[in-house]
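The values are calculated or read from the model by the stated rules, or taken from the named source; none is laboratory data. All values derive from a computational prediction rather than experimental measurement. Neighbour counts run over all protein chains shown; Cβ positions are idealised from the backbone, glycine included.
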Amino acid sequence: MNTITYIVGDSLYVNITNRCTNRCEFCIRNLGDGAYGSNSLWLDSEPTEKEIIESILSHDLSKYKELVYCGYGEPMMRVKELVASAKAVKEVCDIKIRINTNGHGNFIHKSDITPMLDGCIDVVSISLNSSTEEGYAEVCHPVFSGALEQIKEFAGLVKEHVPTVIFSVVETTVPDEDIEGCKAIANELGIPLRIRELVK
Ligand code: SF4
């Protein structure tokens, strides 16, 4: 049975795909079948828009601080279903909604998808993970070249449509000098950088 929603601390997480355009060294998928005590996050098949909405609304959302699209894959792969389900949730409650993304959304869809997030997404957290294309390729193994440039462009565009945008890097996978480079990119784009620990 598909695990579409799972609880992480005081947030409700949403798992809508197992597809991704990266193969990150630190990916939680390399560590086991589930995260934070969840059932397996490997999906038998991708849930439909209706199944995603039903799964989210089966929870008492007043108990959670945030709804977070983040699972065993890149949520922007399914931006249409993501946005439709986020809008359905916003119609019934004002829970904060965040997307954790690799920032490849515009590359994936070959168009600027950032306007779709207008009015239904409150926070976009983008994994930056390196300040150079070479470093990014080494840590994240993207399936296409020029990924870092794509991420920076996406970040600049998404800022126009979402109230809060943040970059994140995993502390232990990025050398100190690269952290400084990531800070410089974040400063240049006016986006805060969160240095996070590796999830174990
Ligand atoms: S972008 Fe996220 S889901 Fe994709 S491989 Fe990296 S950590 Fe895993």
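Can you find, within segment 25-36, the residue that is nearest to the ligand (Cβ to nearest atom) among those that are hydrophobic (A, V, I, L, M, F, W, C) and assigned to a loop (DSSP other than H, G, I, E, B)? Steps first, answer last, please.
In the first step, residues of segment 25-36 are kept if they are hydrophobic (A, V, I, L, M, F, W, C); the result is 26-28, 31, 35.
With assigned to a loop (DSSP other than H, G, I, E, B) added as a condition, the list becomes 26-27, 31, 35.
Values: Phe26: 7, Cys27: 3, Leu31: 10, Ala35: 11 Å.
Here the answer is Cys27.
Please count how many residues of segment 169-195 are under 18 Å from Glu74 (Cα atoms) and touching a residue at least 60 places away in the same chain (Cβ under 8 Å).
Residues meeting the conditions: 1.
Do you know which residues across segment 44-103 are hydrophobic (A, V, I, L, M, F, W, C), within 16 Å of the ligand (Cβ to nearest atom), within 21 Å of Gly9 (Cα to Cα) and not in a loop (DSSP other than H, G, I, E, B)?
Let us first name the residues in segment 44-103 that are hydrophobic (A, V, I, L, M, F, W, C), namely 52-53, 56-57, 61, 67-68, 70, 76-77, 79, 82-84, 86, 88-89, 92-93, 95, 97, 99.
Keeping just the survivors that are within 16 Å of the ligand (Cβ to nearest atom) gives 68, 70, 76-77, 79, 82, 99.
When the remaining residues are screened for being within 21 Å of Gly9 (Cα to Cα), the result is 68, 70, 99.
Answer for segment 44-103, where residues must be hydrophobic (A, V, I, L, M, F, W, C), within 16 Å of the ligand (Cβ to nearest atom), within 21 Å of Gly9 (Cα to Cα) and not in a loop (DSSP other than H, G, I, E, B): Val68, Ile99.
Which condition from (1) in a loop (DSSP other than H, G, I, E, B); (2) over 30 Å from Glu133 (Cβ atoms); (3) within 16 Å of the ligand (Cβ to nearest atom) is the one that Asn39 breaks?
Against the list (1) in a loop (DSSP other than H, G, I, E, B); (2) over 30 Å from Glu133 (Cβ atoms); (3) within 16 Å of the ligand (Cβ to nearest atom), Asn39 comes up short only on (3).
From the set of residues in segment 39-87 that are polar (S, T, N, Q) and surrounded by fewer than 18 Cβ atoms within 10 Å (Cβ to Cβ), which is nearest to Asn106 (Cα to Cα)? Can you show your working first?
Going residue by residue through segment 39-87, those that are polar (S, T, N, Q) are 39-40, 45, 48, 55, 58, 62, 85.
Now drop any that are not surrounded by fewer than 18 Cβ atoms within 10 Å (Cβ to Cβ), which leaves 39-40, 45, 48, 58, 62.
Numbers: Asn39: 31, Ser40: 29, Ser45: 24, Thr48: 22, Ser58: 31, Ser62: 33 Å.
Taking the candidates together, the pick is Thr48.
Collect the residues in segment 36-78 that are touching a residue at least 40 places away in the same chain (Cβ under 8 Å), touching an Asp or Glu at 6+ places or on another chain (Cβ under 8 Å) and of a type in the set (Ser, Thr, Tyr), keeping them in residue-number order.
Within segment 36-78, Tyr64 is the sole residue that qualifies.
Condition test on Val124, is it at pLDDT 95 or above, away from the ligand (no atom under 16 Å from the Cβ) and assigned to a strand (DSSP E or B)? Explain how you work it out, then say what you get.
Numbers: at pLDDT 95 or above: yes; away from the ligand (no atom under 16 Å from the Cβ): no; assigned to a strand (DSSP E or B): yes.
No: the conditions fail for Val124.
Could you identify the single residue in Ile4, Ile28 that is crowded, with 16+ Cβ neighbours inside 10 Å and at pLDDT 95 or above?
The match here is Ile4.
Considering only segment 101-113, how many residues are in contact (Cβ under 8 Å) with a residue 40 or more places away in the chain and surrounded by fewer than 23 Cβ atoms within 10 Å (Cβ to Cβ)?
4
State all residues of segment 172-200 that are in contact with a strand residue (DSSP E or B) (Cβ under 9 Å, 6 or more places away or on another chain), part of a helix (DSSP H, G or I) and either surrounded by 12 or more Cβ atoms within 10 Å (Cβ to Cβ) or of a type in the set (A, V, I, L, M) (or both); if no residue qualifies, say none.
Hits for segment 172-200 are Asp178, Ile179, Cys182, Lys183, Ile185, Ala186, Leu189.
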